[in-house]
Amino acid sequence: MYSRMKNFRKLLAGVLCLSAGVIGFQSCIKDQPTSLTAVSDVIVQDIKTDTGIKYGIVVYATADFDIKSAKVTGPGTGGKVYQLTAMGNPQQFAYYPQAADYTSDFPATGNYSIEVISSKDVMLTGTDAVGSEKLAPIVIKTAAMASQKLKTTWDLITGADAYVVKLYSANKADLLLQT
């Protein structure tokens, strides 16, 4: 009987110590403020049309919290405002120009102001500088179907970080493929 009582006391002491440790850890975690982080990027995108090269602004915002709203304002007084929309994930918002938004004029250069508001109404702000640098559009060299796959080649563009290739129907009304 004495041995059971001794084991019970050890067990009770262990449970009490474990409980105190868990409560202590939870207390430390709750006292630390949560830092919200958002990353955004303003990109000048060009498209090749029958009438020449046209330019538009593409904006991405990604956060480690749910975004309520996000917008970007172009440089200068009365700069154009780009309202971003959710991309299927409340932590990722973007602005993609419509066909009518592309112009033959290069977008304004300078600092674009970014404003991201969290779902708890905390506002984060920042800027992204857009320069006048231009990359030449790719020129597709070959496009051939083989074994149910489209094989497309083009010359690499110096300074390009990524490529987006869109293939349209002959009448240019339907987007067939985007990579």
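The values are calculated or read from the model by the stated rules, or taken from the named source; none is laboratory data. This structure is a prediction, so every number in the text was calculated from the model and none was measured. No Cβ is skipped: glycine too gets one built from the backbone with ideal geometry, and neighbour counts run over all protein chains shown.
A few notes on this one:
- Of residues in region 48-62 being modelled with pLDDT under 90 and β-branched (Val, Ile, Thr), the one surrounded by the fewest Cβ atoms within 10 Å (Cβ to Cβ): THR51
- Meets criteria (exposed (fewer than 10 other Cβ atoms within 10 Å of the Cβ), free of Cβ contacts under 8 Å to residues at least 24 places away in the same chain, part of a strand (DSSP E or B) and in contact with a strand residue (DSSP E or B) (Cβ under 9 Å, 6 or more places away or on another chain)) for THR125: no
- Scanning region 32-78 for residues that are basic (Lys, Arg) and out of contact with any strand residue (DSSP E or B) (no Cβ under 7 Å at 6 or more places or on another chain) gives a single hit, LYS48.
- Within region 73-91, the residues that satisfy the criterion of being in contact with a Lys or Arg (Cβ under 9 Å, 6 or more places away or on another chain) and in contact (Cβ under 8 Å) with a residue 24 or more places away in the chain are THR73, GLY74, TYR82, LEU84, PRO90.
- Long-range neighbours under 6 Å by Cβ, at least six apart or interchain, first residue of a type in the set (Lys, Arg) within region 40-67, second surrounded by 15 or more Cβ atoms within 10 Å (Cβ to Cβ) and outside any strand (DSSP E or B): LYS54/TYR102
- Qualifying residue in region 83-103 (condition: over 30 Å from ALA173 (Cα atoms) and either part of a loop (DSSP other than H, G, I, E, B) or at pLDDT 90 or above (or both)): yes
- Index of the failed condition, GLN45 passing every other in (1) more than 12 Å from VAL130 (Cβ to Cβ); (2) surrounded by fewer than 15 Cβ atoms within 10 Å (Cβ to Cβ): (1)
- When region 63-82 is filtered for residues that are surrounded by 14 or more Cβ atoms within 10 Å (Cβ to Cβ) and part of a strand (DSSP E or B), the ones remaining, listed by number, are ALA63, ILE67, LYS68, SER69, ALA70, LYS71, VAL72, THR73, TYR82.
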